[in-house]
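Before any comments, here is the structure.
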Amino acid sequence: MLGGRFSFSGTSLTVHRVGYGAMQLAGPGVWGPPKDSDGAVTVLREAVAAGVNHIDTSDYYGPHVTNQIIKRALHPYPDGLVIVTKLGVRRPPDQSWQPAISPQELTAGVHDNLRNLGLDALDIVNYRVMGSIYDPKEGSIAEQVTVLAELRRKGLIRHIGLSNVTAAQVAEAQTITDVVCVQNNYNLAHRHDDSLIDELGRQGIAYVPFLPLGGFSSLQSPTLSSVAARVGATPMQVALAWLLHRAPNVLLIPGTSSLKHLRENLQAATLHLSPETIAELDAIADSRKSQENHARSK
């Protein structure tokens, strides 16, 4: 069901591998309320009714909007529902995305999430590092992770994860506290984290890819379209199914405000991809690397 189950190492939390990302429940540009708040509530309730028990969110989506919709739709929360949120960003009135990484900002962010979700403690909090999602910036995150570890000791956070980070930053964070998940940009065409996924898998740590379709044209390749037509699915479903096949520690959080797309996303877990088909899809990344190398050589 929904790609099988995954238990976060060192915790009592177990989720289905296909979850739900709430970012698209906010208005355009992840700002303000959606046009159809009742529709957003319906999508969330259907997701949970279908077995989704892993919801990814943040209080800076909106800001505050998605968490308030989640609370309206699902509170009091069903047993076993794991809500994962993020810190490290703020949304000023100009609708930009700015770092919020001081101890005071991180602490305030935890309290905002608690209030708007209606919780006494947050299941998992990811520290989101600002910077390029295609090439995360190195640099120490010890100060921020230490703040989250202290909030965990106070009982406001149960577990800690990381987002948009390098392997070195994961290792640094692990010298301070346990890390239960890593959330980075990864998909058929953007596979810079292959070795990190495998290392996290050996440690029982979840890897949660965002941008499963990448947002760039190279992923919308003839190969992907051909495979989708052959297996009777959409390109998005094939991309999600490939991620589930990639490694057992990969968890999915596709987001949508559409019931139709929600159902399609959940159905991706039922797709079987043969080894030959997976090899065919793997070649998409090789093709993209060749294109990048060719562009650099000009």
message: With the structure loaded, tell me whether residue 276 is in a helix (DSSP H, G or I), surrounded by 14 or more Cβ atoms within 10 Å (Cβ to Cβ) and among the charged types (D, E, K, R) or whether it fails that test.
response: no
query: Within region 54-92, can you find the residues that are more than 20 Å from residue 251 (Cβ to Cβ), among the hydrophobic types (A, V, I, L, M, F, W, C) and not in a helix (DSSP H, G or I)?
result: 89
field: The lone exception for residue 74 - which of (1) without any contact (Cβ under 8 Å) to a residue 60 or more places away in the chain; (2) under 18 Å from residue 164 (Cα atoms) it fails
entry: (2)
- prompt: When you go through (1) assigned to a helix (DSSP H, G or I); (2) under 30 Å from residue 14 (Cβ atoms) one by one for residue 104, which number turns out not to apply?
  reply: (2)
field: Exclusive hit being in a loop (DSSP other than H, G, I, E, B), closer than 26 Å to residue 271 by Cα and not hydrophobic (A, V, I, L, M, F, W, C), set 51, 10
entry: 51
message: Just to be sure I understand, how many residues within region 163-179 are surrounded by fewer than 23 Cβ atoms within 10 Å (Cβ to Cβ), under 19 Å from residue 6 (Cβ atoms) and of a type in the set (A, V, I, L, M, F, W, C)?
response: 1
query: What number of residues within region 152-195 are in contact with an Asp or Glu (Cβ under 9 Å, 6 or more places away or on another chain), hydrophobic (A, V, I, L, M, F, W, C) and under 18 Å from residue 252 (Cβ atoms)?
result: 2
message: Can you list residue pairs whose Cβ atoms sit under 8 Å apart, with the first residue in region 170-199 being more than 26 Å from residue 143 (Cβ to Cβ) and the second being assigned to a strand (DSSP E or B) and at pLDDT below 95? Count only pairs 6 or more apart in sequence or on different chains.
response: 186/210
query: Is one or more of the residues making up region 183-198 more than 16 Å from the chain's Cα centre (by Cα) and within 20 Å of residue 47 (Cβ to Cβ)?
result: no
field: Residue count for region 126-151, restricted to those that are among the β-branched types (Val, Ile, Thr), touching a helix residue (DSSP H, G or I) at 6+ places or on another chain (Cβ under 6 Å) and part of a helix (DSSP H, G or I)
entry: 2
task: Count, please, the residues in region 13-31 that happen to be over 11 Å from the mean Cα position of the chain (by Cα) and not in a strand (DSSP E or B).
output: 9
- request: Among what's in region 134-156 and is exposed (fewer than 15 other Cβ atoms within 10 Å of the Cβ) and at pLDDT below 95, pick the residue that is nearest to residue 171 (Cα to Cα).
  value: 138
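The values are calculated or read from the model by the stated rules, or taken from the named source; none is laboratory data. Bear in mind that the values here come from a model prediction, so they are computed numbers and not experimental data. Neighbour counts are summed over all protein chains in view; Cβ atoms, including those assigned to glycine, are modelled from backbone coordinates with ideal geometry.
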